[in-house]
1. Looking at (1) within 18 Å of residue 119 (Cβ to Cβ); (2) out of contact with any strand residue (DSSP E or B) (no Cβ under 8 Å at 6 or more places or on another chain); (3) charged (D, E, K, R), can you tell me which one residue 54 breaks?
2. Six or more apart or on different chains, Cβ atoms under 7 Å: show the pairs whose first residue is in the range 102-127 and under 16 Å from residue 57 (Cα atoms) and whose second is open to solvent by less than 60 Å² (accessible area, probe 1.4 Å) and part of a loop (DSSP other than H, G, I, E, B).
3. Return the residues of the range 21-35 that are modelled with pLDDT of 85 or more and either aliphatic (A, V, I, L, M) or open to solvent by 80 Å² or more (accessible area, probe 1.4 Å) (or both); say none if nothing qualifies.
4. What are the residues in the range 1-20 that are open to solvent by 60 Å² or more (accessible area, probe 1.4 Å), modelled with pLDDT of 90 or more and among the β-branched types (Val, Ile, Thr), if any?
5. Working only within the range 178-190, note down all residues that are under 20 Å from residue 248 (Cβ atoms) and surrounded by fewer than 20 Cβ atoms within 10 Å (Cβ to Cβ).
6. Is it fair to say residue 246 is touching a helix residue (DSSP H, G or I) at 6+ places or on another chain (Cβ under 9 Å), on the phi < 0 side of the Ramachandran plot and not in a helix (DSSP H, G or I)?
7. Cβ-Cβ under 9 Å, sequence separation 6+ or interchain: first residue in the range 1-26 and farther than 18 Å from residue 247 by Cβ, partner part of a helix (DSSP H, G or I) and of a type in the set (Phe, Trp, Tyr). Which pairs?
8. Hey, could you check the range 91-100 for residues that are in a loop (DSSP other than H, G, I, E, B) and over 9 Å from residue 132 (Cβ atoms) and say which is most open to solvent (accessible area, probe 1.4 Å)?
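The values are calculated or read from the model by the stated rules, or taken from the named source; none is laboratory data. This one's a predicted model, so the numbers in the text were calculated from it and none came from an experiment. Using ideal geometry, Cβ is built from the backbone for each residue, glycine included, and neighbour counts are taken over all protein chains shown. With ligands, DNA and RNA removed, areas are computed over all heavy atoms of the protein, side chains included. Shrake-Rupley method; radii C 1.70, N 1.55, O 1.52, S 1.80 Å.
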Amino acid sequence: MIKKTALWLFAIVLTVAAALYQRYTGPTYPMEDSITINNIEINFVLKRSHGGIDDQRVAIFASDSSLAGELFYRRYNTNDDFTNLTMQREGDSLVAYLPHQPPAGKLEYYIHLISNENSVNIPADRTVVTRFKGAVPDIVLAPHIILIFLAMLWSTRTGLEALMPRGNTKSLTIQTVVLLLLGGMTLGPIVQKFAFGEFWTGVPFGWDLTDNKTLVAFAGWLLALWRHRYSQFPRFWVLAAAIILIGVFIIPHSMMGSELDYSTGKVETG
């Protein structure tokens, strides 16, 4: 019992670490940084993803009333000129709104902050790219996230079990396959449909990395389950499947995701 508890705790630590790395390194995770103007340090958080049918709110904390700002934006991967909007003061914040885009549409933007004779761009040396998507109901999104996390946890725990001299991996392998089937291969496409209008944008229909890495992980565990019956060394296949899953799932979230090509009006997948 002590050994099993220790293995579960170790699996939880590994899974949480992989999930946090995947999330925080993804291209849709908010950009956080700080700048200094008039000897005042301003911390900012700029969102890089927006769901729903409304415009995206862009706000920066600026309690100094002498500060004013403009929001510059244009459609991503186009030759459009930047459009500028005067930011309005709402309490201690300066606020403007990026216009809503179709699902998978992207805008690049930055803020020009002005105070007396001083000015600074936020961020200082680049633009922020934000991707729009449809609203995903919580009743679909929540179980998808929970089941994917549990699949990662069960996969890691099963891999650790395969390293034990007398490890019994068959039941854990079945449970891992079921969790991936429900969370990744069933609810994943439903989430994709709500967000970007397509159930599946991976192979053979496209190169969306999120769909493809889910497919690779699921195929690896199906193979491990099959080899449980026909192989003399099933634990080798289980360990390989666990390594494959943690390898593909630490790839930053939403990399090579769907993107609207404004010149054609079509969504490019990956």
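1. Every listed condition holds for residue 54 apart from (1).
2. 107/101; 108/127; 109/127; 110/123; 110/127
3. 21, 31, 32, 33, 35
4. If the condition is that a residue be open to solvent by 60 Å² or more (accessible area, probe 1.4 Å), modelled with pLDDT of 90 or more and among the β-branched types (Val, Ile, Thr), then 12, 13 are the ones that fit.
5. 178, 181, 182, 185, 186, 189
6. No, not satisfied.
7. none
8. In the first step, residues of the range 91-100 are kept if they are in a loop (DSSP other than H, G, I, E, B); the result is 91-92, 99-100.
If we keep only those that are over 9 Å from residue 132 (Cβ atoms) too, we end up with 91-92, 99.
Values: 91: 58, 92: 78, 99: 40 Å².
Per the stated criteria, the residue is 92.
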